[in-house]
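> Dropping a structure here in structure tokens format, bear with me for questions.
Just so it is clear, none of the values below were taken in a lab; they were calculated from the coordinates. Since this is a predicted model, take the numbers as computed values, not measurements. Every residue, glycine as well, gets a Cβ built from its backbone with ideal geometry; the counts of neighbours run over all protein chains shown.
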Amino acid sequence: MSRFIWLVRREIWEHKAIWVAPLIVLGCLVLAALTGNVHLGPIGAMGADTPFGGLPQEKQVSLLIIVYAGLAFVVFMVMGIVSFFYSIDSLYADRRDRSVLFWKSLPLSDAETVLSKFAVASVAIPLVAFAGAVLAQLVIAAGGSAMLAMAGQSAALMWHPQAIAGGIGLAALWSFTAMLWYAPVVGYLMLASAWAPRGPFLWAVLPPAGLFMLERVLLYTNHVGEFIKDRLFGVLRLVRPERVADVDPQTNEQVRDEVIRLSDIDLAKSLGDFYSSPDLWLGVLAAALMVAAAIWVRRYRDETT
């Protein structure tokens, strides 16, 4: 176990983007808070005469939890990009610089090496994203407090225990959900990285793109495209169900209706539906199979290619 942890620590230390990216996001949020440019998404203005200000406090707290969850999702999207490029280069880089020959000379199995890289992409990066999301929520809470004070509202609302606890709890759920939902994506990218003789990005992107184009041209359907879209953005259904209307709210009445709709989102039900979905658990099974395939490819691949 200590050897496995050492491998994970080595990966995190060598790939600085894993911990530099959330620091950049936090820096941008701190700058926005200091300059008074904190925007709370669909809530908009927060004065007493706004749709938000006209809601009872329990509804306002529910909306703040949604805002904190959305903020956490932004951090996870940034870290998702980091995880994508890390995964796609994780096993190819060792062959590109021939360092794989050195690692194979050590008492390390291919399974340990591949699983440590998979753990970084699917576990360590979401945990880093969770820490960054919590810090981002605290920064926005401070900036939102200043906005509320200037709008004549109670600045303590942003620090309401239920809102803060709900935001941190949802960030933790985002982290766990990302580990499970994107596990097959990480497994597929690592398999492409282990297999590719060169250009792992093309080996990872061209097969699904080719299937998408063939289906569109030959069958005039879009099942592959919908599958890819759902796998990449399916977690959005947790905090953003389908809109009642197909247009963004423009009038004050539309803004009020949208604010009320968001405050009525049942996060517990959304999570229950999501975790009971067969798509989630079939994806976990597919991830296990692809990681096993990546271990097999790394074990028997000619290291001179």
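> Can you sort Lys59, Lys16 by how many other beta carbons sit within 10 Å, fewest first?
Lys16, Lys59
> Still on this model: Ile24 to Leu219: FRET efficiency via 1/(1 + (r/R0)^6), r the Cβ-Cβ distance, R0 51 Å, to the nearest 0.05? Please list the in-between numbers first.
Details: r = 43 Å, r/R0 = 0.84.
My answer for the efficiency is 0.75.
> Separate question: Which of Val123, Val82, Val284 comes first, and how do the rest follow, when ranked by fewest Cβ neighbours within 10 Å?
Val284, Val123, Val82
> Which ³J(HN,Hα) values in Hz, rounded to whole numbers, follow from the phi angles of region 160-170 under the Karplus curve 6.51 cos²θ - 1.76 cosθ + 1.60, where θ = phi - 60° and Gly and Pro get x?
Values, residue by residue: 4, x, 5, 5, 5, 5, x, x, 5, x, 5 Hz.
> Tabulate in residue order the Karplus-calculated ³J(HN,Hα) for region 185-198, using 6.51 cos²θ - 1.76 cosθ + 1.60 with θ = phi - 60°, rounded to whole Hz; enter x for Gly and Pro.
Coupling constants for region 185-198: 5, 4, x, 5, 5, 5, 5, 5, 5, 6, 7, 4, x, 6 Hz.
> Shifting gears a bit: Sort Asp97, Asp89, Asp279 by Cβ crowding within 10 Å, fewest neighbours at the top.
Asp97, Asp279, Asp89
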